[in-house]
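The values are calculated or read from the model by the stated rules, or taken from the named source; none is laboratory data. If you're wondering where the values come from, they're calculated on a predicted model, not measured in any experiment. Here Cβ is always computed from backbone atoms with ideal geometry, including for glycine, and neighbour counts include all displayed protein chains. Areas reflect the complete protein model, heavy atoms only, side chains present, ligands, DNA and RNA absent. Shrake-Rupley method; radii C 1.70, N 1.55, O 1.52, S 1.80 Å.
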Amino acid sequence: MTHSTFLTTKRAVPSAARAAALIGALALAQWMPAGAQEGHPLKGSWLGTWKSNDTHGENVLLVLDWNGESVTGVINPGTDNIRISEATLDPDRWVVRIEADAEDRSGRTLRYVIEGRIENLELANRSIVGTWENGRGGGAFEASRQ
Amino acid sequence: MMPEPRARGRGRPRRDTVSNVCRGVVAALAVTLAASAASAHHAVSAKFDEGRKASFDGIVTGVDWRNPHVHVFVNVEVEPGEVENWAVELESAALLEKSGWRRESLRPGDAIAVEGLAARDGTRQIWAQSLVLSATGRDVLHVRDTAPIAPIAPRPTPRWPDGTPMLGSPDTRDGYWGYPTETALVEDGVAVAMRPDGLLEDIGDAAKVAPLQPWALGLYVHRQSRGLQDDPIFLNCKPPGGVRHFQSPLGVQLIEDRDAQRVFVLMGSGNRNYRIIYLDGRAQVGQVGGDDDNPLYYGRSVGKWEGDTLVVDTIGFNEDFWFTEGGLPHTDLLQLTERFSRPDFDTLRYEVTIDDRGAYTRPWTASWELRWVGGEDLPVHFCQDNRS
């Protein structure tokens, strides 16, 4: 599936429906214990908020994977489908940096940069706490592994 | 007459009342207990603070004789008229029974003196390093289990009629492999000071243990620095997957089904789990229909004999557990190549190559030996027995 197909799909779904889907996922996640994950600390699904994000809503879902060489993944799969172009982890300080290109409603490219620290590394429902910015705005970022 | 319980003070060192001789005995006992720590459900340091000694006298109110840890409950008079009930944690019932102790070795009403390590969380729990009956001065419920003495002249390797070495008991009766010479993974040829439970004496040695990727080294150091308290085998009774069942003093039993061309690996640790090694040349898909969507704690194992060595290839591990004592990380890219050989009747040589490009920079190998324990069945050990 191409990036443009993702965008077509995105525009076909009303914003309210997308928001409802994410909120629903968020609500459901409250009742689901985080699955054990003793491998790479970033691998898994992360659900949380990027505050004050007027373009893609305040709720955010990251699905991250580790292929042995790099962290890959997507932000808001099924709704915004923002592919992560680069993700790094500094294991000395457990600082995460994620970069991803998205488009706003007018088709203008936005480069998201999320930077945060992994907290409670030893827990299955560890968190990434930090900030996000996309050149147009920014704010607090927090997501917990599901 | 029952001795009057006398509080020695919670967590207060009792060194002023212990002679040098007694301290020596306690130290020796502590070494004995530490040597068996790898068999414990959890590393002692995971739950108890090795820097905080505690001691008290009290009256036994109950004995919970179960795995993974026996607990003795003791009433301690901390102030005149004020009694606290403490939980004294010991090794598993399985190991204590192998050491000759029984649940009746200590009875409610017995007066005892306890020395040990205080719980990290400040609760009324103590890991017993010494438990002495006040009435007799007898030290009780310590682990004194040792490997069977090897014959002066090695007994020959038992073989099947076709000459293939047997991995189990030649008369198909009791017997298992235990007393591993290594209880935590370290790359062959590397010398680091490490406790039996896998805790490094010097955290600065972490990078020497195995060729870890940076993230895996960071995670290993994190787990080590927390005293291994996050071990899922402790927190969630996860199975001893990967190579871990071959590092447990509770042993493994290898049952060869020659007709079905498979080897069953029965485990004394964990929850009497088992693992199957298929020798029938099947594809590495495990269950009927395959289990690609169901990664496993023991992976999917296929093997073949190369001369006198059984070579086993295993893939398909999940990431829900620690695959060795000490907290070395792995990923679902882990592939194990195990080599089993029996150079004489009483020795099982185990060599494993760890190939996990998700966590390590190159494949690496570790090896150790296990000792034949004849005439005994696997110890009974269920982690969930007293999880509370």
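What to note about this one:
- Residue within the stretch A:60-67 that is closer than 18 Å to A:Gly137 by Cβ, loosely packed, with under 15 Cβ neighbours inside 10 Å and more than 14 Å from chain B (Cβ to nearest Cβ) present: no
- Residues of the stretch B:317-363 that turn out to be among the hydroxyl-bearing types (Ser, Thr, Tyr), part of a strand (DSSP E or B) and surrounded by fewer than 21 Cβ atoms within 10 Å (Cβ to Cβ), as a count: 4
- The stretch A:107-136 - residue that is among the hydrophobic types (A, V, I, L, M, F, W, C) and part of a strand (DSSP E or B) and, of those, nearest to the other protein chains (Cβ to nearest Cβ): A:Ile118
- Of all residues in the stretch B:364-375 being under 17 Å from B:Val186 (Cβ atoms) and surrounded by 19 or more Cβ atoms within 10 Å (Cβ to Cβ), the one that is nearest to the other protein chains (Cβ to nearest Cβ): B:Trp364
- In this structure, B:Gly326 does satisfy being on the phi > 0 side of the Ramachandran plot and touching a strand residue (DSSP E or B) at 6+ places or on another chain (Cβ under 9 Å).
- Some residue of the stretch B:237-246 being open to solvent by less than 30 Å² (accessible area, probe 1.4 Å), within 14 Å of chain A (Cβ to nearest Cβ) and over 30 Å from B:Phe345 (Cβ atoms): yes
- Qualifying positions in the stretch A:97-123 - closer than 28 Å to B:Asn236 by Cβ, open to solvent by less than 40 Å² (accessible area, probe 1.4 Å) and out of contact with any Lys or Arg (no Cβ under 7 Å at 6 or more places or on another chain): A:Gly116, A:Leu121
- Qualifying residue in the stretch B:159-179 (condition: free of Cβ contacts under 8 Å to residues at least 40 places away in the same chain, under 25 Å from A:Leu123 (Cβ atoms) and outside any loop (DSSP other than H, G, I, E, B)): no
- Residue under evaluation B:Tyr298, criteria (1) open to solvent by less than 40 Å² (accessible area, probe 1.4 Å); (2) within 14 Å of chain A (Cβ to nearest Cβ), criterion not met: (2)
- Of the residues making up the stretch A:137-146, those that are open to solvent by 30 Å² or more (accessible area, probe 1.4 Å) and either assigned to a strand (DSSP E or B) or without any contact (Cβ under 8 Å) to a residue 60 or more places away in the chain (or both) are A:Gly138, A:Ala140, A:Glu142, A:Ser144.
- Test: residue in the stretch B:108-116 that is crowded, with 20+ Cβ neighbours inside 10 Å, assigned to a loop (DSSP other than H, G, I, E, B) and at pLDDT 90 or above: yes
- Complete set of residues in the stretch B:46-77 that are among the β-branched types (Val, Ile, Thr) and in a loop (DSSP other than H, G, I, E, B): B:Val70
- For the stretch B:208-226, a residue qualifies if it is assigned to a loop (DSSP other than H, G, I, E, B) and either within 11 Å of another protein chain (Cβ to nearest Cβ) or under 15 Å from B:Gly268 (Cβ atoms) (or both), and the qualifying residues are B:Gln213, B:Arg226.
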